[in-house]
Amino acid sequence: SLGGNADGITTDFTPVRPNTADAVTVPEGYSSDVVIRWGDPVIQGAPEFDFENQTAAKQAQQYGFNCDLAVMFPMDDRDERFLYIANHEYTTEPSMFRGYDEANPTREQVEIAWAAHGLSVVELASRANDGGLDPVLGSYNRRITALTKFELRGPAVGALTRTNADPTGSDVKGTLNNCAGGHTPWGTVLSGEENFNQYFGTADTITDADTLEQFRRYGISAEPSGRLWENFDDRFDLAKEPNEVNRFGYVVEIDPWNPNSTPVKHSAMGRFKHEGATVHVTADGTVVAYSGDDERFDYLYKFVSSRKIVPGNSASARAENMKILDEGTLYVATFSGNSPATEIDGSGTLPSDGAFDGGGTWLPLMTVAADGKAVSHVDGMTPEQVAVHTRMAGDKVGATKMDRPEDVEPSPTTGKVYMALTNNTQRGTNGKAAADEANPRHNNKHGQVVEISDDHSGTTFGWNLLLVCGNPEAADSYFGGFDKSKVSPISCPDNVAFGPNGSLWVSTDGNALGFNDGLYYVATEAPNRGETKLFLTVPIGAETCGPLVTAGRVLVNVQHPGEKDGATIENPASHWPDGGSSQPRPSTVVAWKNGFSGGSGSLGGLL
Ligand code: FEO
Ligand code: CA
Ligand code: CA
Ligand code: CA
């Protein structure tokens, strides 16, 4: 709670002006600072970053590239020390290596990229004189990379996941494309393996029709990959190791309190382009995990556990609780509208009853019992197939095709679930699925935010659209019924997060309105429901990731600054955060209200 201290994060700030500045901007009366940048030391003894002289050995001890998920646990009750965990989603080699030759990368460059993926665990110390946070090279610090040992669990393990290097099918090397995620009440981190397809390729010809159809459904191309990793390790070669790709695309769980622990991949939650995973716990201790599949026309899923939480925060309690997401039922969502639609000048539809709303049903795909035995609920598919080719299971049962399900997160105060649907420029085009009440626009450039009232452990839900994003002056945008002349324009919602009082915050990726991405506060309750206020903007070419809102601070991960068509190392589109003629560096940022400082007790607390 804010405890009456006026120096915490509040929602009465004056919105930031949409802008194209090469800077992080925050409201009047707030400040921000960089916490940690790509290449900064994470492990004790790590060398300082040198853009011109990077090596894989250095990168494996330094903060990875393209920080995305942000999770922070308090390490004490005085707001002095936190354990911070970030995902490192992907690498952009042409902006990391001077003279990079896409047709002929060096082994060192490839191994740097492997080390720049994964996650970082970093202790952070509160600064005494303001709200800043400084990295500490503490004993929990850890880098997890594309080479770290993982345990794959659940129905996927078997004939579809065995490789020459791993006859068990469960001993997996590394994690890739970790996008969003969440934390669990038992102190672990969930991280979604999203666009894993891009790392696999082959120069050989694959002709098996079933294999090619499975590849097609997951966007995997049986041709040389963009990074050519298959030239450096056979496991990335789809012809030589056809099952390696089946070992990616899961929700991974990490115990950040034990740097020697083996992270887990939970195949009972299905394999798709997991944006992330977040949990809600019902009154009887059932854990419900929500996860979106970020692809145009793909699906929303949830996993309902049958195992209950073991209390306590000991290492053994955490190890027991890390089995919760292995036992239960995986569902996929269908959405239906409740009112006929009216076409508006070719751009989409408006509901005839004035509200974008309706009901939905969760369709079961598979159930895993306590003994590990799994049952498929999909005709013609074994549990192993459902766990590995989950998208095809969703296709078979008739799940609803959504406009890119990104982050999905339950409110800690109301239990309502909020989902960002980023955009879908193919909706209603070339024979693709037409607009419906939940995905109401053709050629949807700006996305929408869905509010779901879920019977969490049950199989039905109600839904409505909180936001249909875009220019507030456009006829096809909707801001929860709030006066559209008084909102900040918002486009391409990607991540959702909640402040300690249940306030909803939405960050964007790929803003199609012509200004930089940012983080917005969005009111969910009357009388201001739908009010949308821009709190923070990120530099040129960057995406606003991670958002994490505590009582006293806002953290964002500034991903891919300078990522713009035509940008090169010789002519970067951004010089953030180091300024001058420097290369851009993905970095973590903290913002606070002026007057707030570390060590002020309850203000920093979260969860
Ligand atoms: Fe990695 Fe769907 O954003
Ligand atoms: Ca309606
Ligand atoms: Ca994302
Ligand atoms: Ca994104």
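The values are calculated or read from the model by the stated rules, or taken from the named source; none is laboratory data. All values reported here derive from a predicted model rather than from experimental measurement. Glycine also receives a Cβ, built like all others from the backbone with ideal geometry; neighbour counts cover every protein chain displayed.
Hey, can you tell me all the residues within the stretch 46-102 that are at negative phi, part of a loop (DSSP other than H, G, I, E, B) and charged (D, E, K, R)?
Answer for the stretch 46-102, where residues must be at negative phi, part of a loop (DSSP other than H, G, I, E, B) and charged (D, E, K, R): GLU48, ASP50, ASP76, ASP77, ARG78, GLU80, GLU89, ARG98, ASP101, GLU102.
Which ones in the stretch 280-297 are surrounded by fewer than 24 Cβ atoms within 10 Å (Cβ to Cβ) and assigned to a strand (DSSP E or B)?
Within the stretch 280-297, HIS280, VAL281, THR286, VAL288, ARG296, PHE297 meet the criteria.
Kindly establish whether VAL449 is aliphatic (A, V, I, L, M), closer than 22 Å to PRO527 by Cβ and within 16 Å of ligand 4 (Cβ to nearest atom).
yes
Within the stretch 363-383, is there a residue that is under 30 Å from TRP505 (Cα atoms) and within 16 Å of ligand 2 (Cβ to nearest atom)?
No: zero hits.
Any residue in the stretch 322-329 that is closer than 30 Å to LEU137 by Cβ and away from ligand 4 (no atom under 16 Å from the Cβ)?
yes
Taking the condition among the hydrophobic types (A, V, I, L, M, F, W, C) and at positive phi, does LEU238 pass?
no
Select from the stretch 537-554 the residues that are touching a Gly at 6+ places or on another chain (Cβ under 7 Å), part of a loop (DSSP other than H, G, I, E, B) and more than 16 Å from ligand 3 (Cβ to nearest atom) and list them in ascending order.
ILE540, THR550, ALA551, GLY552, ARG553
Looking at GLU28, GLU80 in this structure, which one is without any contact (Cβ under 8 Å) to a residue 60 or more places away in the chain, surrounded by fewer than 20 Cβ atoms within 10 Å (Cβ to Cβ) and away from ligand 1 (no atom under 16 Å from the Cβ)?
GLU28
Taking the residues in the stretch 104-127 that are assigned to a loop (DSSP other than H, G, I, E, B) and in contact with a strand residue (DSSP E or B) (Cβ under 9 Å, 6 or more places away or on another chain) as candidates, determine which candidate is modelled with the lowest pLDDT.
In this case the residue turns out to be ARG127.
When the stretch 165-193 is examined, which residues are found to be under 30 Å from ARG404 (Cβ atoms), hydroxyl-bearing (Ser, Thr, Tyr) and more than 16 Å from ligand 4 (Cβ to nearest atom)?
THR175, THR184, THR188
Of these, ASN516, ASN557, which one is outside any strand (DSSP E or B) and touching a residue at least 12 places away in the same chain (Cβ under 8 Å)?
One residue alone meets the criteria, ASN516.
Which condition breaks for ASP517 when tested against (1) within 15 Å of ligand 3 (Cβ to nearest atom); (2) touching a Phe, Trp or Tyr at 6+ places or on another chain (Cβ under 8 Å)?
That leaves (2) as the condition not met.
With the condition kept exactly as written, say whether any residue in the stretch 227-240 is touching a Leu at 6+ places or on another chain (Cβ under 8 Å), farther than 30 Å from SER306 by Cα, free of Cβ contacts under 8 Å to residues at least 24 places away in the same chain and away from ligand 4 (no atom under 16 Å from the Cβ).
No: zero hits.
Within the stretch 578-601, which residues are within 26 Å of the chain's Cα centre (by Cα), surrounded by 21 or more Cβ atoms within 10 Å (Cβ to Cβ) and assigned to a loop (DSSP other than H, G, I, E, B)?
Correct list: PRO584, ARG585, PRO586.
Find the residue count for the stretch 306-361, including only residues that are in contact with a strand residue (DSSP E or B) (Cβ under 7 Å, 6 or more places away or on another chain) and outside any strand (DSSP E or B).
Number satisfying all stated conditions: 13.
Residue check, PHE49 against (1) within 25 Å of the chain's Cα centre (by Cα); (2) under 13 Å from ARG585 (Cβ atoms), all met but one. Which one?
Among (1) within 25 Å of the chain's Cα centre (by Cα); (2) under 13 Å from ARG585 (Cβ atoms), PHE49 violates only (1).
Take the residues of the stretch 213-225 that are under 21 Å from HIS274 (Cα atoms) and loosely packed, with under 14 Cβ neighbours inside 10 Å: which is farthest from the chain's Cα centre (by Cα)?
In this case the residue turns out to be GLU213.
Can we say PHE272 is modelled with pLDDT of 95 or more, of a type in the set (A, V, I, L, M, F, W, C) and not in a loop (DSSP other than H, G, I, E, B)?
No.
Quick one: how many residues across the stretch 152-203 are without any contact (Cβ under 8 Å) to a residue 24 or more places away in the chain, assigned to a loop (DSSP other than H, G, I, E, B) and under 25 Å from the mean Cα position of the chain (by Cα)?
Within the stretch 152-203, residues that are without any contact (Cβ under 8 Å) to a residue 24 or more places away in the chain, assigned to a loop (DSSP other than H, G, I, E, B) and under 25 Å from the mean Cα position of the chain (by Cα) number 1.
Condition first: out of contact with any Lys or Arg (no Cβ under 8 Å at 6 or more places or on another chain), within 21 Å of SER291 (Cβ to Cβ), of a type in the set (A, V, I, L, M, F, W, C) and buried (at least 22 other Cβ atoms within 10 Å of the Cβ). Can you find one or more residues in the stretch 475-488 that meet it?
no
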